[in-house]
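A.B. asks: Here's a structure for you.
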Amino acid sequence: GQQVMQIPQYQHVQEGEDFTTYCNSSTTLSNIQWYKQRPGGHPVFLIQLVKSGEVKKQKRLTFQFGEAKKNSSLHITATQTTDVGTYFCALSNSGYALNFGKGTSLLVTP
Amino acid sequence: SQTIHQWPATLVQPVGSPLSLECTVEGTSNPNLYWYRQAAGRGLQLLFYSVGIGQISSEVPQNLSASRPQDRQFILSSKKLLLSDSGFYLCAWSRGRGNQPQHFGDGTRLSIL
């Protein structure tokens, strides 16, 4: 199935700084999903991107799908301590299962 | 609205003992069901998924098995646990194929002693 590389693995920022995580694939993706997992919690679906060049916003979070549909990014503006957690991208392999990236763990210090 | 229940929340088991984790979904019919395992600080590893009663697809060969005796019930089992079976087990459901969002239960933290 399709594999995705997610970088960075870890990111430590001061509260108020911006944060970006990237997902890269060697093959064209039909769609990509993003999830957030708080420490000790379970993954929660954030958004799905389908169209080439698509940009979606959720408050301080901006999600982008690359023009070639081979990469995606999640950008958080002015991080807050509530943003702490691990962010996963996930892509479908044209079947029923999702392939999750290894995630980017974000730590925000006040 | 749909809800997913997973229990127990925490489990400590000796090596060689059996395992049964249960997951149930409410508020939807014919969901796709999934079992994942997450090692500490790691990503999600898909173990099994099911698209209907009695239909189980295994993604990773191991000493675990899954069953779906009812439409909204998914069970993860083992006859003899190994130390390497420790981890955070998550059940999830979705509608349709893989391009649909997945909704996760609260998970079971399994420690093997």
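A.B. asks: Going by the structure shown, is B:Gln13 open to solvent by 30 Å² or more (accessible area, probe 1.4 Å) and either modelled with pLDDT under 95 or touching a helix residue (DSSP H, G or I) at 6+ places or on another chain (Cβ under 8 Å) (or both)?
C.D. replies: no
A.B. asks: Let me ask something additional. Please name all residue pairs, on different chains or six or more residues apart, with Cβ atoms under 8 Å, provided the first residue is in the stretch A:23-44 and is without any contact (Cβ under 8 Å) to a residue 40 or more places away in the chain and farther than 18 Å from A:Gln58 by Cα and the second residue is surrounded by 18 or more Cβ atoms within 10 Å (Cβ to Cβ) and not aromatic (Phe, Trp, Tyr).
C.D. replies: Short answer, once both residue conditions are applied: A:His42/B:Leu90; A:His42/B:Gly105; A:His42/B:Gly107.
A.B. asks: Give all pairs with beta carbons closer than 8 Å in which a residue from the stretch B:4-30 that is without any contact (Cβ under 8 Å) to a residue 40 or more places away in the chain meets a residue that is surrounded by 11 or more Cβ atoms within 10 Å (Cβ to Cβ); count only pairs at least 6 apart in sequence or on separate chains.
C.D. replies: Sorted first by the residue in the stretch B:4-30, then by its partner, the pairs are B:Gly27/B:Gln2; B:Gly27/B:Thr3.
A.B. asks: Take the residues of the stretch B:45-88 that are in a loop (DSSP other than H, G, I, E, B) and touching a helix residue (DSSP H, G or I) at 6+ places or on another chain (Cβ under 9 Å): which is nearest to the other protein chains (Cβ to nearest Cβ)?
C.D. replies: Taking the candidates together, the pick is B:Gln62.
Rundown of residues vs (1) over 13 Å from the mean Cα position of the chain (by Cα); (2) of a type in the set (A, V, I, L, M, F, W, C), yes/no style:
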| site | (1), (2) |
| --- | --- |
| B:Leu19 | no, yes |
| B:Val25 | no, yes |
| B:Arg37 | no, no |
| B:Gly41 | yes, no |
| B:Gln45 | no, no |
| B:Ser58 | no, no |
| B:Ser65 | no, no |
| B:Lys80 | yes, no |
| B:Arg95 | yes, no |
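A.B. asks: Hey, another quick one. Keeping to the stretch B:16-57, report how many residues are open to solvent by 70 Å² or more (accessible area, probe 1.4 Å), under 19 Å from B:Gln73 (Cα atoms) and of a type in the set (A, V, I, L, M).
C.D. replies: 1
A.B. asks: Looking at (1) more than 13 Å from every other protein chain (Cβ to nearest Cβ); (2) surrounded by fewer than 21 Cβ atoms within 10 Å (Cβ to Cβ), can you tell me which one A:Thr79 breaks?
C.D. replies: So the condition that A:Thr79 fails would be (2).
A.B. asks: Something else now. Could you list, in sequence order, all residues of the stretch A:82-101 that are of a type outside the set (A, V, I, L, M, F, W, C) and either surrounded by 22 or more Cβ atoms within 10 Å (Cβ to Cβ) or not in a loop (DSSP other than H, G, I, E, B) (or both)?
C.D. replies: Scanning the stretch A:82-101 gives A:Thr82, A:Asp83, A:Gly85, A:Thr86, A:Tyr87, A:Ser92, A:Asn99, A:Gly101.
A.B. asks: Here is a further query. Does A:Lys69 fit the bill of being open to solvent by 60 Å² or more (accessible area, probe 1.4 Å), away from every other protein chain (no Cβ under 11 Å) and of a type in the set (D, E, K, R)?
C.D. replies: So A:Lys69 does not fit the description; no.
A.B. asks: Being open to solvent by 30 Å² or more (accessible area, probe 1.4 Å), within 14 Å of chain B (Cβ to nearest Cβ) and under 18 Å from B:Gln102 (Cα atoms), is that true of even one residue in the stretch A:9-29?
C.D. replies: No, there is no match, as no residue in the stretch A:9-29 is open to solvent by 30 Å² or more (accessible area, probe 1.4 Å), within 14 Å of chain B (Cβ to nearest Cβ) and under 18 Å from B:Gln102 (Cα atoms).
The values are calculated or read from the model by the stated rules, or taken from the named source; none is laboratory data. All of these numbers come straight from a predicted model, not from anything done at the bench. All Cβ positions, even for glycine, are placed from backbone atoms using ideal geometry, and neighbour counts span all protein chains on display. Calculation scope for accessible area: heavy atoms of the full protein, side chains included, ligands and nucleic acids excluded. Shrake-Rupley method; radii C 1.70, N 1.55, O 1.52, S 1.80 Å.
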